[in-house]
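Chemist: So that we are looking at the same thing, I have put the structure below in structure tokens.
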There are 4 protein chains.
Amino acid sequence: MFVASSVSHLSMEEIASASSGPKWFQIYYPANRDYARELLQRAKASGYTAIVVTVDGTTFSNRERITRLGISSPNLGAGNGVRTPGVDARTSGELKVDLNWDDVAFCEKVTGLPVIIKGILTAAMAVEAVKCGCAGVWVSNHGGRAIDNTAAAVSALPPIVQAVGEKTLIIVDGGVRRGQDVFRALALGADVTAVGRPVLYGMALGGAQGVQSVYARLKAELQMVMQLAGAANIEAITRDFIQELKA
Amino acid sequence: MFVASSVSHLSMEEIASASSGPKWFQIYYPANRDYARELLQRAKASGYTAIVVTVDGTTFSNRERITRLGISSPNLGAGNGVRTPGVDARTSGELKVDLNWDDVAFCEKVTGLPVIIKGILTAAMAVEAVKCGCAGVWVSNHGGRAIDNTAAAVSALPPIVQAVGEKTLIIVDGGVRRGQDVFRALALGADVTAVGRPVLYGMALGGAQGVQSVYARLKAELQMVMQLAGAANIEAITRDFIQELKA
Amino acid sequence: MFVASSVSHLSMEEIASASSGPKWFQIYYPANRDYARELLQRAKASGYTAIVVTVDGTTFSNRERITRLGISSPNLGAGNGVRTPGVDARTSGELKVDLNWDDVAFCEKVTGLPVIIKGILTAAMAVEAVKCGCAGVWVSNHGGRAIDNTAAAVSALPPIVQAVGEKTLIIVDGGVRRGQDVFRALALGADVTAVGRPVLYGMALGGAQGVQSVYARLKAELQMVMQLAGAANIEAITRDFIQELKA
Amino acid sequence: MFVASSVSHLSMEEIASASSGPKWFQIYYPANRDYARELLQRAKASGYTAIVVTVDGTTFSNRERITRLGISSPNLGAGNGVRTPGVDARTSGELKVDLNWDDVAFCEKVTGLPVIIKGILTAAMAVEAVKCGCAGVWVSNHGGRAIDNTAAAVSALPPIVQAVGEKTLIIVDGGVRRGQDVFRALALGADVTAVGRPVLYGMALGGAQGVQSVYARLKAELQMVMQLAGAANIEAITRDFIQELKA
């Protein structure tokens, strides 16, 4: 399963046509609602099956390492530039800074697809998201590179699982590097774990084959841990495997 | 907002006239009550709008690093020297070592200004200060350089907030270097965060402009964190953003 | 007391005949039940007095240090190769991956010996083992080298002791290097501590004499700690000696 | 106040005559009761005003650093050698390994002096000591050099204070190097803190004057901390000054 970002080098249509696998569309909400509508409609038309609304990335964080290193993003393509007539293409980079639940509802209204909210770290926010009709909650601290000293997503997971986990899809990302990390996230109540950097590392080292190799290894390690720990299937990976820190 | 110390190189009058911004007067309580009265009356007359009584600095701590480095304070001016006839100028450096609640009440009696007690680390002391009419409680461990192994002010904050925070102004200082630190202090219940060293660093590096730059950066970082965390305004920075350490 | 592994360089008969001391037989459960029966019957016939069923080693873990170092196990002997006619010797290395409580019960049925389950880290599993007739529970994380980030066996011990400790033999291994470690494990409720690596270190350094020396030292240290701590005998080593981490 | 050890280079009589200050006699209980009686009677006769019975030093611990360095104690004098006719002087080095409450009671019976038990780390033991008539409990882990991984005495203090602190003298030693350490021990409920190594360091560096200097500094630091923390006297150093570790 691939989750395509609205901020990408290739257009979402190019990405969608590259693979027949399941895919979701992740939107950094633009300030211009017409452009938002365009992106959502194009996602639906390209075959994406869910909309992920990122709510913890509505402004740039100060990424000082990048500034110090003097790195700038390579610009390889036109991405998802504006196509709607009448929308000023120059405003397409502006993010909506006052996101509210109507903006989230708008995604479902336009596409009819399930909406997943990404960047949640508290149970209170997860409960509100579910009330507003979100089909899933994506627990994430944006790779730990947005706000200093944020809680690890995996630490924020348990209260969220307790609050909404029974009926809502819970995704978690952050620090998943090994099959053990997947096992641990599932044991803490996540339904799905997302990975970011490992895939990029794999791509940098071996292209498409490198990416396949990363997934193959994660899967093999998860199976090994399940076998050694005595979990016969994914459903058997429960909180019983978590040992609280205590003497 | 500037808080001028009674132990300063310039006189409080010179400091007051340098800026039209709001300012408070912070008093290291002198042993001589006539001199105390003089300082308080001069503060009132110079336009300071609150009196801060520091209660955790009634003697010198052993600052061994300074001793080892052989540093002594530069003496750039006459400061707030005695002006009241009949008060021995040589005693102006003597601090009152047996501060009590009458001394605190005296500040309000002389000036009619709100009194804030500085250097509080326990809820019990905060409760007593409020009972004695203090308008605010300044939670501080004196920059961590007075007593070894003192609790961080920010750790001491929650029980104090719980005890008196609803009706009393709570200020906290210590370790505030980033907008994130301000956010965290506010989330833990402080109304105001004070900064000391960053301002001096700014001044050392860029004079008045350096100081402005420090404040501008703190403000920009705070706004960025609020935006990323989803707090629309200062009131929205609540304890919900604090993640307790637990598996 | 020696616990012989089913995966050994010498056959269990050779090992049994080397010493008149008490010995248990530890079985890595083979996939072929006829071969399992053979191993169990031979163990009984050779004088082993209990069967230890290892349940956390049903597949190979990825031991990356070994892979990096390019080490392979020396092969010094035929071990416990298949002797039962009709069992394909080439399948003797295959472990049963879907171990269940019938497999455990089978050990007792074949041998009539007490069965101890090894590789338990949760109270829930320990309770189930006791229900299924196990005489003992061996708390172990397989030397910490099977699954990354497993709880230390000694941390997993207290809830297991609380759940089944009163009537069931509790063995613990992992990190026992000093008499103090034995003392601590007993204080936390274990009946027996097992040691692995120290014995191998002793053997590598001084052969049989080295092994004796390791045991002698462990015993002397345990006696010293008991004397200094004021525990007159093994029964007096109780939870009272454990200090919880708290201010 | 000086506490003289029964294992000393000078005799207790020489030590007693060197100073008119208050002094206690600390006994490493000898195996021979006649010799124990002799030591106790001589202590009483020499003007010691209390007996300290050390219960956590009834055998030698393995002090590996000393062994590695090849250090042996210098032998400067005859110490408290046997004087009672009929007691074999060669047995004077043998310690009683099965100390019991009768041995403790014996100290009071022989001398009529208050008896303090030294080397206690649990509330249970402290309660028993008080039941058996001990006037004081000395919380100590023998300088951390007897048993590895022992709790710090200061960590063991709170439950002991809670159990017997109201009516029993509580002494604590271990790690007291600064006035702050004294303050902390008193805040945690100790009545007295004992120091060992700092005194020896002072003696090594400056003889009698060095020792005086160590005490003078400890006292000055304690006074400074009390002044800065706002404790007007020793009684005011309470648990309120202790901040529990919590977010």
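The values are calculated or read from the model by the stated rules, or taken from the named source; none is laboratory data. Note that the structure is predicted; figures quoted are calculated from it, not measured. Cβ placement follows ideal geometry from the backbone for every residue including glycine, while neighbour counts extend to all protein chains displayed. The protein model used for the area step is the full one, side chains on, heavy atoms only, and it has no ligands, DNA or RNA in it. Shrake-Rupley method; radii C 1.70, N 1.55, O 1.52, S 1.80 Å.
Chemist: What's the magnitude of the charge dipole for the range C:1-136 around its Cα centre, counting Lys and Arg as +1 and Asp and Glu as -1 at the beta-carbon? Answer in Debye, nearest 20.
Modeler: The calculation lands at about 220 debye.
Chemist: Find the accessible area per residue for the protein assembly as shown; the probe is 1.4 Å, ligands and nucleic acids are left out, and the unit is Å². Let's see the in-between values first.
Modeler: On the way: 52010 Å² over 988 residues.
Heavy-atom SASA per residue in the protein assembly as shown reads 53 Å².
Chemist: Here's a follow-up. Among the lysines, which have Cα under 26 Å from the Cα of A:LYS96 when same-chain residues fewer than 8 positions away are ignored?
Modeler: A:LYS23, A:LYS44, A:LYS109, A:LYS118, A:LYS131, B:LYS219
Chemist: Within the P(r) computed for chain C, what percentage of the Cα pairs occupies the region above 30 Å?
Modeler: It works out to 30 percent of all Cα pairs.
Chemist: So for B:ILE71, B:ILE234, what's the accessible-area order with a 1.4 Å probe, most first?
Modeler: Heavy-atom accessible area, descending, gives B:ILE71, B:ILE234.
Chemist: Using Cα springs under 10 Å in a Gaussian network model of chain C, which residue among C:GLN223, C:GLN212, C:GLN180 shows the largest mean-square fluctuation?
Modeler: Comparing C:GLN223, C:GLN212, C:GLN180 in a Gaussian network model of chain C, the most mobile one is C:GLN212.
Chemist: Could you pull out the chymotrypsin sites (Phe, Trp or Tyr not before Pro) across the range B:20-85 that fall in loop regions by DSSP (anything but H, G, I, E, B) with no more than 11 other Cβ atoms inside 10 Å?
Modeler: Numbers: sites: B:TRP24, B:PHE25, B:TYR28, B:TYR35, B:TYR48, B:PHE60; in loops: B:TYR28, B:TYR48, B:PHE60.
Taking the range B:20-85 and a limit of 11 other Cβ atoms within 10 Å, the loop chymotrypsin sites (Phe, Trp or Tyr not before Pro) found are B:PHE60.
Chemist: A follow-up question, please. State the dimensionless ratio Rg/Rh of the range C:66-210 (Rg: radius of gyration of Cα atoms; Rh: Kirkwood radius).
Modeler: Details: Rg = 17.8 Å, Rh = 17.6 Å.
That ratio equals 1.01.
Chemist: So, one more: For the protein assembly as shown, what ratio Rg/Rh do Cα atoms give with a Kirkwood hydrodynamic radius?
Modeler: Details: Rg = 36.1 Å, Rh = 34.9 Å.
Reported Rg/Rh (Cα atoms, Kirkwood Rh): 1.03.
Chemist: How much accessible area is lost when chains B and D come together, counting both sides, with a 1.4 Å probe, in Å² rounded to the nearest 100?
Modeler: In total, chains B and D hide about 1500 Å² from solvent.
Chemist: Mind running the shape call on the range A:197-240? Use the C-alpha gyration tensor, a ≥ b ≥ c as the square roots of the eigenvalues: rounded below 1.5 for a/c, prolate if a/b tops b/c, oblate otherwise.
Modeler: It comes out prolate by the Cα gyration axes.
Chemist: Roughly speaking, what is the centre-to-centre gap between the range A:186-245 and the range B:28-59 when only Cα atoms are used, to the nearest Å?
Modeler: The distance from the Cα centre of the range A:186-245 to that of the range B:28-59 comes to 64 Å.
Chemist: Same structure again: What is the distance, in nm, between label points placed 7 Å from the Cα along the Cα-to-Cβ direction at B:LYS96 and at B:VAL127?
Modeler: Between B:LYS96 and B:VAL127, the simple spin-label model gives 2.5 nm.
Chemist: Lys/Arg Cβ at +1, Asp/Glu Cβ at -1, dipole of the range B:33-124 taken about the Cα centre: which of B:VAL82, B:SER72, B:ASN100 is farthest positive-ward?
Modeler: B:SER72
Chemist: Normalized C-alpha radius of gyration of the range A:146-211, against 2.2 N^0.38 Å?
Modeler: Dividing the Cα Rg of the range A:146-211 by 2.2 N^0.38 Å gives 1.27.
Chemist: How big is the dipole moment of the range C:94-201 about its Cα centre under a simple scheme where the beta carbon of each Lys and Arg is +1, that of each Asp and Glu is -1, and everything else is neutral? Debye, nearest 20, please.
Modeler: In debye, rounded to 20, the range C:94-201 gives about 380.
Chemist: If I compute solvent accessible area with a 1.4 Å probe over the protein chains, what percent of it on the range C:122-202 is carbon and sulfur?
Modeler: Values: 1810 of 3400 Å².
So the carbon and sulfur contribution to the accessible surface is 53 percent.
Chemist: Evaluate the charge dipole of chain D about its Cα centre and quote only its size in Debye, nearest 20, assuming +1 on the Cβ of each Lys and Arg and -1 on the Cβ of each Asp and Glu.
Modeler: Magnitude of the dipole: close to 440 debye.
Chemist: To continue, here is another question. May I ask for the net charge around B:ILE15, where only other residues with Cβ less than 13 Å from the Cβ of B:ILE15 are counted and Lys, Arg are +1 while Asp, Glu are -1? Don't skip to the end; give the middle numbers.
Modeler: On the way: positive: B:LYS23, B:ARG42; negative: B:GLU13, B:GLU14.
Here the charged neighbours net out to 0.
Chemist: Can you find, among C:VAL195, C:GLY207, C:LEU40, the residue sitting farthest towards the positive end of the charge dipole of chain C, where Lys and Arg contribute +1 and Asp and Glu -1 at Cβ?
Modeler: C:GLY207
Chemist: Within 12 Å, Cβ to Cβ, of C:TRP24, how many net charges do the neighbouring residues add up to if Lys/Arg are +1 and Asp/Glu are -1?
Modeler: Surrounding charge for C:TRP24 is +3.
Chemist: Reported to two decimal places, what Rg/Rh ratio describes the range D:1-84 when computed on Cα atoms with Rh from the Kirkwood expression?
Modeler: Rg/Rh for the range D:1-84 comes to 1.00.
Chemist: So if I average 1/r over every pair of distinct C-alpha atoms in the range D:19-151 and take the inverse, what Kirkwood radius in Å does that give?
Modeler: 16.2
Chemist: Please identify the helices of chain D, taking whole runs of DSSP H, that span at least 20 Å along their own axis as judged from the Cα atoms and have a mean Kyte-Doolittle score of 0.0 or higher.
Modeler: D:197-229
Chemist: Ok, one more. Tell me the mean residue ellipticity at 222 nm calculated for the protein assembly as shown from its helices only (DSSP H runs of n ≥ 4, each -39500 (n - 2.57), averaged over every residue, nearest 500).
Modeler: About -13000 deg cm²/dmol.
Chemist: In what sequence, largest accessible area first, do B:ARG90, A:ARG83, B:ARG63 appear using a 1.4 Å probe?
Modeler: Result, largest first: B:ARG90, A:ARG83, B:ARG63.
Chemist: Across peptide B:143-153, how many C-beta atoms of other chains are within 10 Å of each residue C-beta, on average?
Modeler: So the per-residue partner count for this stretch is 4.
Chemist: Now, a different point. Between A:ALA190, A:ALA135, A:ALA45, find the one with the highest GNM mean-square fluctuation for chain A; connect C-alpha pairs within less than 10 Å.
Modeler: A:ALA45
Chemist: Which of A:LEU99, A:LEU169, A:LEU228 ends up with the largest GNM mean-square fluctuation for chain A, with Cα atoms connected below 10 Å?
Modeler: Among A:LEU99, A:LEU169, A:LEU228, the largest mean-square fluctuation in the Gaussian network model of chain A belongs to A:LEU228.
Chemist: Shifting gears a bit: Which whole-number percent is the relative contact order of chain D (Cα, under 8 Å, 6+ apart)?
Modeler: It comes to 14 percent, rounded to a whole number.
Chemist: To the nearest Å, what is the center-to-center distance of the range D:143-177 and the range B:98-152, using C-alpha atoms only?
Modeler: 33
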